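The values are calculated or read from the model by the stated rules, or taken from the named source; none is laboratory data. A quick note: this is a predicted structure, and the numbers were derived from the prediction, not measured. Using ideal geometry, Cβ is built from the backbone for each residue, glycine included, and neighbour counts are taken over all protein chains shown.
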Amino acid sequence: MQSSSDIHHYRQEYNAEPLQEESLHPNPVEQFRAWFEEARQASIPEPNAMTLGTADTAGRVSCRMVLLKAYDERGFVFFTNYGSRKARQITENPQASLLFPWITMARQVEISGSVEKISAAESLAYFLSRPFGSRLGAWVSDQSEIISSRQILLEKFKKLKLQFAHGEVPKPEGWGGYRVVPDRLEFWQGGHDRLHDRFCYSREGMAWKINRLSP
């Protein structure tokens, strides 16, 4: 077993050229688009995987990985069961944080802001684009609820597969998308001697202000 005392020996040196403000797009969504495309071209597995952080009214924070499925000037979209723990926390406290950990590129992007449900039409359009098994999975899982065994899921999946074998799978009423509407985005890039580059975009009215942050 790895001794906890050995953890401090793990160290990665960062060799990227320093990040300059002049190279950043004034619009953070466009800057995200540029970095996302570079992550995709670098063959990072699931570059759209992001940590979603939410909190309840007592301040208890939960984090989990979800997948970004769309983004534009309005915000960043993911999908889930509306009865899940994350959804319950969003109902209590409609604020969230996203983190894209592009570790092999020594980059990460943090996005925070308010959360809103996307329209029913948007949720339906995405649901119908999912593979057959994924659409069934949305019906099978009462997400975050306690179950006694995996067999329960398998049996339910089998029954639904027969039920919908000859027709379209309708979208469950309790499943759909959320949009994180950003008011802050931070772009981080690893630097030599731990002198990392951090640039924060913060919303000021309809415009964005860029500040360099100390690492």
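Numerical summary
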quantity: Residue that is surrounded by fewer than 18 Cβ atoms within 10 Å (Cβ to Cβ), over 23 Å from LYS171 (Cβ atoms) and either modelled with pLDDT of 95 or more or among the acidic types (Asp, Glu) (or both), where the choices are SER43, SER62; calculated: SER62
quantity: In segment 139-176, residue modelled with the lowest pLDDT [restricted to those that are closer than 18 Å to LEU128 by Cβ and of a type in the set (D, E, K, R)]; calculated: GLU168
quantity: Residue in segment 136-189 that is surrounded by the most Cβ atoms within 10 Å (Cβ to Cβ), counting only those that are among the β-branched types (Val, Ile, Thr) and assigned to a helix (DSSP H, G or I); calculated: VAL140
quantity: Filtered residue count, segment 143-185, keeping only those that are within 30 Å of ARG33 (Cβ to Cβ) and among the basic types (Lys, Arg); calculated: 3
quantity: Matching residues, segment 190-215, being in a strand (DSSP E or B) and of a type outside the set (D, E, K, R); calculated: PHE199, CYS200, TYR201, SER202, ALA207, TRP208, ILE210, ASN211, LEU213
quantity: Residues of segment 67-105 that turn out to be in a loop (DSSP other than H, G, I, E, B) and under 15 Å from ILE118 (Cβ atoms), as a count; calculated: 6
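Residues checked against (1) in a strand (DSSP E or B); (2) more than 17 Å from SER114 (Cα to Cα); (3) in contact with a His (Cβ under 9 Å, 6 or more places away or on another chain):
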{"position": "TYR14", "(1), (2), (3)": "no, yes, yes"}
{"position": "GLU17", "(1), (2), (3)": "no, yes, no"}
{"position": "TRP35", "(1), (2), (3)": "no, yes, no"}
{"position": "ILE44", "(1), (2), (3)": "no, yes, no"}
{"position": "THR57", "(1), (2), (3)": "no, no, no"}
{"position": "MET65", "(1), (2), (3)": "yes, yes, no"}
